[in-house]
Amino acid sequence: MKIVQFIFLLFVFYGCTNYSQVNFLGKLPKKLKEVSGLSRVNDSLLWMHNDGGNKSELYLVNIKGKIVRSVQVNAKNKDWEDITSDEQGNIYVADFGNNESKRKDLVILKIKEEDLLTQKSVEVEKIKFEYPEQHKFPPKKKHRYFDAESIVYVNGFLYIFTKSRVKHKFGITSLYKIPATKGKHKAELMGTFENCADMDCWITGAAISKDNSKLALLTSREILLFSDFENDHFLEGKLTRIDLGFSSQKEAIDFKDNNTLYISDERSHAQGGNLYEMKIPLAKQFD
């Protein structure tokens with residue numbers, strides 16, 4: 001093990017408050033140095049992808065971080081930011097990264113599970129959408145609330161959590177809803193939540209538990225866990241904050257089971273590029 005990686009792991013496991021909740025599973029390969037989304041397939045496999053500027057590929061990765069299969073997606077990776085799946089195992093890749101809030105081509109790519117498992121190259125179904133509240137492209141800097149890095153699927157709908165680019169209001173996220181069907185949709189605003197104000201408060205990933213009872217929103221240093229919500233009013237539920245004990249460029253999360261999470265972070269400045277597992281602390285479980 002390289003000395004830099006060894007020192008980093010010592011810091012992670014022994015120098016961080018509450019980090020004992022999180023287990024290191026494996027180092028991700030260089031092909032996934034900018035990992036931006038992950039989706040559980042089963043207890044031993046995950047679909048993962050990189051963000052914009054990288055290849056339009058999905059990677060099937062085991063829980064040690066090794067790539068066991070790669071699939072070419074026949075759509076441009078303009079700014080892939082997250083991934084989710086439905087009851088049939090179909091995958092939804094969210095190409096809605098929008099740093100300057102100027103895109104008019106926001107899209108979510110639906111890919112059939114059967115194609116992913118049997119073909120080297122797959123076609124997509126395009127679910128296009130727009131934010132009705134946005135009227136200028138781009139708006140003034142004080143109105144740039146239309147970036148996004150987080151998505152979940154629930155009961156035939158896709159739920160998007162935006163990422164604020166407004167100075168001193170970085171923690172604001174808006175929840176939007178669109179049908180998980182081909183076409184062009186106007187996203188329905190469901191609610192807004194305000195986290196803290198600095199860049200560490202950005203919402204960079206989202207996941208819904210298998211029983212749809214818990215929603216996890218990821219930041220660079222903590223998880224915002226919502227529970228006891230009615231229907232799809234996730235942000236109106238009970239909020240529990242889980243301190244991950246260290247800050248890194250975390251951008252991908254999914255539930256392994258109702259009380260366990262997978263998390264990954266991007267490789268940056270000789271740190272990150274790892275896959276983790278976190279058991280929700282007993283006091284914060286709701287089963």
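The values are calculated or read from the model by the stated rules, or taken from the named source; none is laboratory data. Note that the coordinates shown come from a computational prediction; the quantities given were computed from them, not determined experimentally. Please note: Cβ atoms are built from the backbone with ideal geometry, for glycine as well, and neighbour counts cover all protein chains shown. When the accessible area is computed, the model is the full protein with side chains, heavy atoms only, and any ligands, DNA or RNA have been set aside. Shrake-Rupley method; radii C 1.70, N 1.55, O 1.52, S 1.80 Å.
General observations
- Candidates 68, 61, 93, filtered to the one that is surrounded by 24 or more Cβ atoms within 10 Å (Cβ to Cβ) and over 20 Å from residue 204 (Cα atoms): 61
- Filtered residues of region 192-208 (kept if aliphatic (A, V, I, L, M) and part of a strand (DSSP E or B)): 206, 207, 208
- Residue in region 1-22 that is at pLDDT 95 or above and either in contact with a strand residue (DSSP E or B) (Cβ under 7 Å, 6 or more places away or on another chain) or in a loop (DSSP other than H, G, I, E, B) (or both) present: no
- Which listed residue is at pLDDT below 95 and of a type in the set (A, V, I, L, M), from 206, 216, 252, 283: 283
- Residues of region 238-252 that turn out to be surrounded by fewer than 17 Cβ atoms within 10 Å (Cβ to Cβ) and either free of Cβ contacts under 8 Å to residues at least 40 places away in the same chain or not in a strand (DSSP E or B) (or both), as a count: 4
- Remark: pairs (first residue in region 225-237, surrounded by fewer than 16 Cβ atoms within 10 Å (Cβ to Cβ); second residue modelled with pLDDT of 95 or more and of a type in the set (S, T, N, Q); Cβ separation under 6 Å; 6+ apart in sequence or on different chains) are absent.
- Restricting the first member to region 253-273 and to residues that are basic (Lys, Arg), and the second to residues that are at pLDDT below 95 and open to solvent by less than 10 Å² (accessible area, probe 1.4 Å), no beta-carbon pair is closer than 8 Å while six or more apart or on different chains.
- Hits in region 161-212 - residues which are open to solvent by less than 40 Å² (accessible area, probe 1.4 Å) and of a type in the set (S, T, N, Q): 162, 164, 173, 174, 195, 204, 209
- Pairs, first assigned to a strand (DSSP E or B) in region 178-191, second of a type in the set (Asp, Glu), C-beta under 9 Å, six or more apart: 178/188; 184/130; 185/130; 186/130; 189/133; 190/232; 191/236
- Of the residues making up region 77-99, those that are outside any loop (DSSP other than H, G, I, E, B) and free of Cβ contacts under 8 Å to residues at least 60 places away in the same chain are 80, 91, 93, 95.
- Among the conditions (1) open to solvent by 10 Å² or more (accessible area, probe 1.4 Å); (2) at pLDDT 95 or above; (3) among the small types (Gly, Ala, Ser), the only one that residue 36 does not satisfy is (1).
- Residue check for residue 264: out of contact with any His (no Cβ under 6 Å at 6 or more places or on another chain) and in a loop (DSSP other than H, G, I, E, B): no
- Residues that are under 17 Å from residue 111 (Cβ atoms), in a loop (DSSP other than H, G, I, E, B), in contact with a strand residue (DSSP E or B) (Cβ under 7 Å, 6 or more places away or on another chain) and of a type outside the set (A, V, I, L, M, F, W, C), drawn from region 44-76: 56, 74
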